[in-house]
Each structure stands twice: as C-alpha cells, then as structure tokens.
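Some notes on the structure that comes next.
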Amino acid sequence: WVLDRLAVTQRETTRLINSFQLGEAGRQLYDFLWSEYCDWYIEAAKVRLYGANPTAAQDTRQVLAYVLEQSLRLLHPLMPFVTETIWQNLPEMGGEQRALIVARWPATAGVADASSAQDFARLQEIVRAIRNARSEYNVEPSRRIVAKFSAGEQEAMVQANRDLLATLARLDEAHLDVAESIAAPAKAAAVTAGGITVYLPLAGMVDQAAERQRIQKELENIDKQLLRITNLLGNPGFLDKAPENVVTRERAKQTELQAHRTQLTDALADLD
C-alpha cells in the first residue's frame with residue numbers, strides 16, 4: 001500500500017514541480033508524509049516490527065527506510081537544508097551520493113500492488129468507523145474492545161489482517177470474530193465500512209447506565225436549542241427583518257441539531 005501511494009506521490013510531485021506549482025507539490029508531499037506514511041504506515045508497521053517473524057520485520061524496516069529516503073529526495077527542492085541534514089544521518093544506501101543535493105531524482109514508478117492498496121484502503125475505512133464509534137461512546141483510548149466482523153466476500157482479507165485491525169482500532173484480538181455473515185447481537189453498536197459490518201457489543205465497552213444518562217442529558221440540551229430555533233424561524237417578524245445570512249445560518253443549525261439528535265436517539269436505543 002505505502003509503495004503504491006509513494007509511486008502516485010512521485011508522479012504527482014514531479015508533474016507539479018515541472019509546471020512550477022510548488023505550493024500544491026508541497027501540500028501533496030505533506031499529506032503523504034504526515035497523513036499516510038506517519039499516521040498510518042508507521043503505526044501499521046509496528047505489527048510486523050514487533051512480531052515473531054524476523055524476515056517480515058526486516059522487510060518492513062527496509063520499506064520504512066526506502067520510503068523515507070525517496071521522500072527526502074522529493075522534498076529537497078522545497079526544504080533543502082532540513083532534508084539535507086536528515087539525509088546526512090541516514091545509513092549508506094547502495095553506494096548513493098552522500099549529498100542529497102546531487103542525488104538522483106526519484107524515477108517515476110508504476111503502481112506497486114493495486115490489490116494491496118485497495119485492501120489497505122478498505123481496512124482504513126473500517127478502522128476509522130470503529131474509532132468514530134469508540135469516540136461516540138466515550139470508550140477509553142487504551143481499552144481493547146470486542147468486535148464481530150460480518151465480512152461477506154472480504155472474510156479472507158479481514159482474517160489475514162486480524163492483528164493489524166486489533167492494533168489500529170484497539171480491539172481485543174482474542175475476542176475478535178470474523179465470518180462471512182454474523183447475526184446482529186443484542187445491545188451492540190454497528191458500523192459499516194468497505195462493505196463490511198462490524199458489531200461492537202456494548203457490554204464491557206461502556207458503562208451503560210452512565211452512558212444512558214449522558215445521552216439523555218445531551219438530548220435535553222438539544223431539545224432546548226431546537227425549541228428556540230423553531231420558535232425563531234416560526235416568527236414572521238424575525239423572517240421579515242433578519243438578514244438572509246442569519247436566517248440561513250439558523251436553518252443550517254436546525255438541520256445539524258436534528259441530525260445529531262437522530263444519532264443520539266439511535267445510540268440510546270442501542271443501550272435499551
């Protein structure tokens with residue numbers, strides 16, 4: 001996955017710099033290094049780096065180093081001094097020149113492995129969905145939770161990445177069930193991403209009584225806000241005298257509050 005994303009970034013950066021779009025080149029490099037390499041790949045790499053397979057760990061170290069080395073070449077025209085300093089502290093790379101300023105520009109590569117890239121993108125969707133659910137239910141970041149995957153055609157892919165999902169989404173791998181189809185358990189949050197449904201049993205994940213009380217209190221607050229906005233928008237004097245942008249803002253806030261209220265009532269129903 002990361003080699004595929006590197007190949008895309010190499011092509012785009014080369015094109016943008018050649019057309020003097022330096023700002024956009026910098027933005028795309030930042031997005032790749034921060035949002036993909038650091039935020040996702042380095043975290044995912046820990047599964048293999050600390051795993052029991054020394055060959056897989058060594059391969060992962062080489063990929064980490066290669067992507068960093070290639071990224072420094074791409075960044076050098078935009079950040080010459082910082083990248084040169086980092087480059088000078090890298091190990092020897094196959095007889096490469098020891099000064100980044102005279103190192104070769106990365107060759108534009110093709111797609112490394114399209115299927116792996118697609119699988120990882122699907123895993124990212126799943127992890128984001130589970131993280132969002134954890135946030136909505138105020139689950140402690142360190143707590144590992146039970147998960148049941150109804151994976152359909154993606155069952156084999158999910159099984160092959162159990163350890164990765166457990167690491168990135170903070171799941172209890174010992175209680176991580178994967179099957180082609182799983183019936184929805186009682187009292188469980190359900191998230192769907194990448195064509196896969198994940199059930200997160202609430203027992204052991206949240207203090208259900210405290211969570212119910214929190215949601216009810218938040219619903220009361222939302223209802224007060226909605227009542228105020230409804231009365232305001234139902235007042236002909238307000239609609240006639242208020243600037244159009246103010247009326248539009250209140251209507252947008254009403255829609256947002258109604259959507260949030262629906263989410264909370266659904267979450268409350270999950271607890272019953």
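We did not get these values from a lab; they are worked out from the coordinates using the rules stated. Remember, it's a predicted structure, so these values are computed and weren't measured experimentally. A quick note on method: Cβ atoms are made from the backbone with ideal geometry, for glycine too, and the neighbour counts reach across all protein chains shown.
Report the residues of the range 205-232 in range of a label on His175: point 7 Å along Cα→C-beta, backbone N strictly under 18 Å from it. Hits in the range 205-232 for His175 at 18 Å: 205-211. When you restrict to C-alpha pairs under 8 Å that are six or more residues apart and normalise by the size of the chain, the relative contact order lands at 16 percent.
At R0 = 51 Å, how high is the FRET efficiency between Arg228 and Arg104 if r is their beta carbon distance? Nearest 0.05 is fine. For R0 = 51 Å, the calculated efficiency reads 0.20. When the Cα positions of Asn89, Trp1, Asn231 are compared along the charge dipole of the chain, Asn231 comes out farthest toward the positive end, with charges on each C-beta of Lys, Arg, Asp and Glu.
For the chain, the longest principal axis of the Cα atoms and the long axis of helix 114-136 meet at an angle of about 40 degrees.
One decimal place: the segment Glu84-Phe20 gains 20.9 nm when fully extended, by the rule 0.36 nm per residue minus the C-alpha distance. Pair-distance distribution of the range 2-102: all C-alpha pairs, bin width 5 Å, starting at 0; shares per bin in whole percent are 2, 12, 21, 21, 21, 14, 6, 2, 1, 0. Peptides 166-177, 4-15 ranked from most to least packed by the mean count of surrounding Cβ atoms within 10 Å: 4-15, 166-177. A cut-off under 12 angstrom between Cβ atoms defines the neighbours of Ile196, and their net charge, with Lys, Arg +1 and Asp, Glu -1, is -3. Note on Gln213/Arg143: beta-carbon distance plugged into 1/(1 + (r/R0)^6) with R0 of 22 Å gives a FRET efficiency of 0.65.
For the chain, adding -39500 (n - 2.57) for each run of n ≥ 4 DSSP H residues and dividing by the number of residues yields -19500 deg cm²/dmol at 222 nm. Relative to the longest principal axis of the Cα atoms of the chain, the long axis of helix 244-271 makes an angle of roughly 90 degrees.
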